[in-house]
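The values are calculated or read from the model by the stated rules, or taken from the named source; none is laboratory data. The structure displayed is predicted, hence computed values, not measured ones. Cβ coordinates were reconstructed from backbone atoms using ideal geometry, including for glycine residues, and neighbour counts include every protein chain displayed. The area values use the complete protein model at the heavy-atom level, side chains included, leaving out ligands, DNA and RNA. Shrake-Rupley method; radii C 1.70, N 1.55, O 1.52, S 1.80 Å.
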There are 2 protein chains.
Amino acid sequence: MSRVVRLISAFDREVPSMSLSGLAHRANLPLSTTHRLVEELLGHGLIERLPTGRLRLGLRMWELASRGSHALDLRETAVPFMQDVRAVVRQHTTLAVLDHGSVLYVERLSEPSSPLGSANVAQRMPVHASSSGLVLLAYADAGFREQVLGSPLQQLTPETLVDPLVIRRHLTEIRERGYVALHGAGVSEWTGIAVPVFGPGNQVVAALNIIAARNSVRTPAVLPSLLTAAHGISRALKDAPTLR
Amino acid sequence: MSRVVRLISAFDREVPSMSLSGLAHRANLPLSTTHRLVEELLGHGLIERLPTGRLRLGLRMWELASRGSHALDLRETAVPFMQDVRAVVRQHTTLAVLDHGSVLYVERLSEPSSPLGSANVAQRMPVHASSSGLVLLAYADAGFREQVLGSPLQQLTPETLVDPLVIRRHLTEIRERGYVALHGAGVSEWTGIAVPVFGPGNQVVAALNIIAARNSVRTPAVLPSLLTAAHGISRALKDAPTLR
């Protein structure tokens, strides 16, 4: 692996910042090499030095990546529709995509009146343990679906679905009904309701989702808003300029 | 420069995606080397391949960088207050920081009823040609201020401030009054009104800004909302956990 890739990959959700020696250790590189490469990355703004001296990935990296990714174009298109959902439903509203085998939330609009603490954007969940994940899995290609259902499925709460047969029934139901509602599948106190967002080629490109305090919302009261917004996003995506 | 840094830096706002040979050309690397490194970056999700075959920076890069940067923690804290401003003022609302000598917008909430097209997040403006930039410059350290005022200042519109003496008068006024309103300084048809956001150590960490159609808003009608939200962000930053 190239040394710069090792350095960049050393940062993650659990350890977003570290000392130079910590970075050298995590990247498994000599301190002198790490020092030289970090100076170079600092010069480009790809790494930042905090007032405490610790190192983090830099704003310039975020800036480049924000402009660069397809899923973030999708996010730009979806945000106004997500605002509509949040205004009507008054619950946290998220947009998620499949990325490297798990669910990545690319946008989250927090509802101040929700009793649930707002999580951060750019968090991940296992595919089988979230309403967004099941929606994305329902419409994913068969190869990916079999790969997920063939792997050991982690039990995050007592209600996480871990039986492939039960999950398959849910996936069939999602394709028939066009939504899923899960209670406590990823976090015990949460209810998640998710619907698919279709792209121009009629493939599912994202899941639109609300997260509410468990059993605090009735699905029929929320679903029309989610479905309407998902249709709006699909329509806007069809009108969007083609990818550069 | 390390080869991976060259590859990453080859992507920018004007050219967010390119072919493999285009990337090799822009990074000034042999095609075979570029191919090998790109395969490695693809494997880590740091680069993505579009359906057209073109290459872009990947979602994983955005994910890592979103978690990594100080200015993005600030963004997380500020967004609810920015939503309040937009709800009251009904104009595009942005948050900007200084980064590598220019103004980087780290968040932008679009107001659907605004006649102005919404720009993208992660855009930049020259410091002297935007209301956010002048606010950040007014409270920047003297070294940076002199460096900006000592460089050639680009005339983006007939009304861009390019005379260092005039800019200095504005900066003094900003420090006295706590805000600035500029008409047509960066884009002829726009009015920008910006206020500083103070961090825990009483240093200015960002500028909060609304962008309206030129002369469509009166400053006294908008300013109380901006100032109230800026105070709210400062208060929330003081309560926030210290940087990891």
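Annotations
- Selection status of A:ARG75, in contact with an Asp or Glu (Cβ under 6 Å, 6 or more places away or on another chain), open to solvent by 20 Å² or more (accessible area, probe 1.4 Å) and not aromatic (Phe, Trp, Tyr): yes
Yes/no matrix, rows are residues, columns are (1) under 13 Å from B:GLU63 (Cα atoms); (2) assigned to a helix (DSSP H, G or I); (3) among the hydroxyl-bearing types (Ser, Thr, Tyr):
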| site | (1), (2), (3) |
| --- | --- |
| A:SER21 | no, yes, yes |
| A:GLU40 | no, yes, no |
| A:MET61 | yes, yes, no |
| A:THR94 | no, no, yes |
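- Within region B:19-37, tally of residues that are closer than 23 Å to A:GLY43 by Cβ and either in contact with an Asp or Glu (Cβ under 8 Å, 6 or more places away or on another chain) or open to solvent by less than 40 Å² (accessible area, probe 1.4 Å) (or both): 7
- Among the residues of region B:67-78, those identified as over 19 Å from A:LEU55 (Cβ atoms) and more than 7 Å from every other protein chain (Cβ to nearest Cβ) are B:ARG75, B:THR77, B:ALA78.
- Put simply, of B:PHE81, B:PHE11 the only residue that is open to solvent by less than 10 Å² (accessible area, probe 1.4 Å) and either of a type outside the set (Lys, Arg) or part of a helix (DSSP H, G or I) (or both) is B:PHE11.
- Conditions (1) within 8 Å of another protein chain (Cβ to nearest Cβ); (2) under 16 Å from the mean Cα position of the chain (by Cα); number of the one not met by B:LEU137: (1)
- Qualifying residue in region A:87-105 (condition: surrounded by fewer than 23 Cβ atoms within 10 Å (Cβ to Cβ), within 19 Å of A:ALA213 (Cα to Cα) and of a type in the set (D, E, K, R)): yes
- A:LEU64 vs. criteria at the interface with chain B (Cβ under 10 Å from one of its Cβ atoms), open to solvent by less than 50 Å² (accessible area, probe 1.4 Å), touching a Phe, Trp or Tyr at 6+ places or on another chain (Cβ under 9 Å) and under 30 Å from A:ARG108 (Cα atoms): yes
- Selection within region A:116-169: residues that are open to solvent by 40 Å² or more (accessible area, probe 1.4 Å) and small (Gly, Ala, Ser). The member of this set that is nearest to A:LEU95 (Cα to Cα) is A:SER118.
- Among the residues of region B:50-61, those identified as of a type in the set (D, E, K, R) and crowded, with 21+ Cβ neighbours inside 10 Å are B:ARG56, B:ARG60.
- For region A:80-100, the criterion of being at the interface with chain B (Cβ under 7 Å from one of its Cβ atoms) and closer than 22 Å to B:ASP84 by Cα is satisfied by at least one residue.
- Close pairs (8 angstrom Cβ cut-off, 6 or more residues apart or separate chains): under 13 Å from A:ARG90 (Cα atoms) in region A:222-235, assigned to a helix (DSSP H, G or I) and of a type in the set (A, V, I, L, M) anywhere: A:VAL222/A:VAL89; A:SER225/A:VAL85; A:SER225/A:VAL88; A:SER225/A:VAL89; A:LEU226/A:VAL85; A:LEU226/A:VAL89
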